[in-house]
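The values are calculated or read from the model by the stated rules, or taken from the named source; none is laboratory data. What you are looking at is a predicted structure, and each value in this text was computed from that prediction instead of being measured. A quick note on method: Cβ atoms are made from the backbone with ideal geometry, for glycine too, and the neighbour counts reach across all protein chains shown. For the accessible areas, the whole protein counts, side chains as well, though only heavy atoms, and no ligand, DNA or RNA atoms are used. Shrake-Rupley method; radii C 1.70, N 1.55, O 1.52, S 1.80 Å.
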Amino acid sequence: MKDLVNRKIKRCESFRPLVPSLLEEQPGEWFTIGSPDPFMLNVYPIRPEKWVGVAAVTHVDGTGPIQTVSERPNPRYWRLISAFARQTGVPIVDRMLVNQS
């Protein structure tokens, strides 16, 4: 999926993982962090049991950069991620893909 999105939609290098944005309330459920990171300052280990659900945003070493999204400053984006989570069970969307829409 990552290769397809990078090639056909984002038109960027194939080695780049997708850039996940997730709800501020849930980073510890998917990544091994317990606090929000709204500025994508670090790369965090993805919980091994979650790799299958977010393979496209996972680096080869099992990590990924994340942007946590808070409802108050960004309600529209937060609602988009929430709606996606209700339909898929995954509260994560690709930040770059959404920004191009």
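Here residue 41 meets the list (1) closer than 15 Å to residue 95 by Cα; (2) open to solvent by 70 Å² or more (accessible area, probe 1.4 Å); (3) within 13 Å of the chain's Cα centre (by Cα); (4) not small (Gly, Ala, Ser) almost entirely, failing just condition (3). Taking every residue in region 12-39 that is at pLDDT 75 or above and pairing it with any residue that is among the basic types (Lys, Arg), at least 6 positions away or on another chain, the pairs with Cβ-Cβ distances below 6 Å are 19/95; 21/95; 30/50. Number of residues in region 44-76 that are at pLDDT 85 or above and open to solvent by 80 Å² or more (accessible area, probe 1.4 Å): the value is 7. Selection over region 24-38 of residues that are open to solvent by 40 Å² or more (accessible area, probe 1.4 Å) and either over 18 Å from residue 62 (Cβ atoms) or of a type in the set (Gly, Ala, Ser) (or both) gives a count of 7. Being open to solvent by 20 Å² or more (accessible area, probe 1.4 Å), at negative phi and touching a residue at least 60 places away in the same chain (Cβ under 8 Å): is that true of residue 85 here? Judged against the criteria, residue 85 is a match.
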